[in-house]
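The values are calculated or read from the model by the stated rules, or taken from the named source; none is laboratory data. Worth saying up front: this structure is predicted, and the values here are computed from it rather than measured. In this analysis, Cβ positions are derived from the backbone assuming ideal geometry, glycine residues included, and neighbour counts consider all displayed protein chains.
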Amino acid sequence: MGLDMYAYVATRSGVQAEFDQGSKWDAEKDEMTNPIAPAPREIAYWRKHPNLHGWMKSLWESQGNTGSFNGNELELTWEDIDKLEQVIRHQQLPATGGFFFGRDADESYYQDDLAFVKNARAELFLGLRVFYNSSW
């Protein structure tokens, strides 16, 4: 068990949940498939990057959300991505801990984080929506 974190693109919110609910294992394809809902396209994956998760949780809470952030979808806007880039570049992700979170991984994920920012901007430019989600 541990902190798994994802960023994906879709045309609207809730696509990940729709895909998950209606999916079944396709042994021939060796993957989960859903004949009705398209799978969102993953653009980033992090394993135990607690400080980035802490930043995302703070953003989620700043939108008036409360309770557990585990498994809740967070849409990221142009403004959010711009702020995130500055925080990453200035090494200001908030120190965050949790039972399954692991240690500070900012340095090892630095280039991956900047690549995510670049990719997220490209997807937003194309008119798609970018989401963050996590599970532990």
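Sort out for me the helices (runs of 4 or more DSSP H) sitting completely within the stretch 1-111 that have 3 or more residues that are at pLDDT 80 or above and surrounded by 11 or more Cβ atoms within 10 Å (Cβ to Cβ).
Details: elements: 15-22, 50-62, 78-89.
Hits in the stretch 1-111: 50-62, 78-89.
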Residue pairs within 7 Å by beta carbon, gap of at least six or interchain, first lying in the stretch 82-107 and over 13 Å from Pro50 (Cα atoms), second part of a loop (DSSP other than H, G, I, E, B), listed first then second, are Val87/Leu93
| field | Test result for Gly54, closer than 17 Å to Tyr109 by Cβ and of a type in the set (Gly, Ala, Ser) | value | yes
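Looking at the structure I just gave you, is Ala120 touching a residue at least 24 places away in the same chain (Cβ under 8 Å), among the aliphatic types (A, V, I, L, M) and under 16 Å from Lys57 (Cα atoms)? Break it down into steps so the answer makes sense when it comes.
Values: touching a residue at least 24 places away in the same chain (Cβ under 8 Å): yes; among the aliphatic types (A, V, I, L, M): yes; under 16 Å from Lys57 (Cα atoms): no.
No, not satisfied.
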Thr77 passes all but one of the listed conditions (1) over 15 Å from the mean Cα position of the chain (by Cα); (2) farther than 15 Å from Leu3 by Cβ; the exception is number (1)
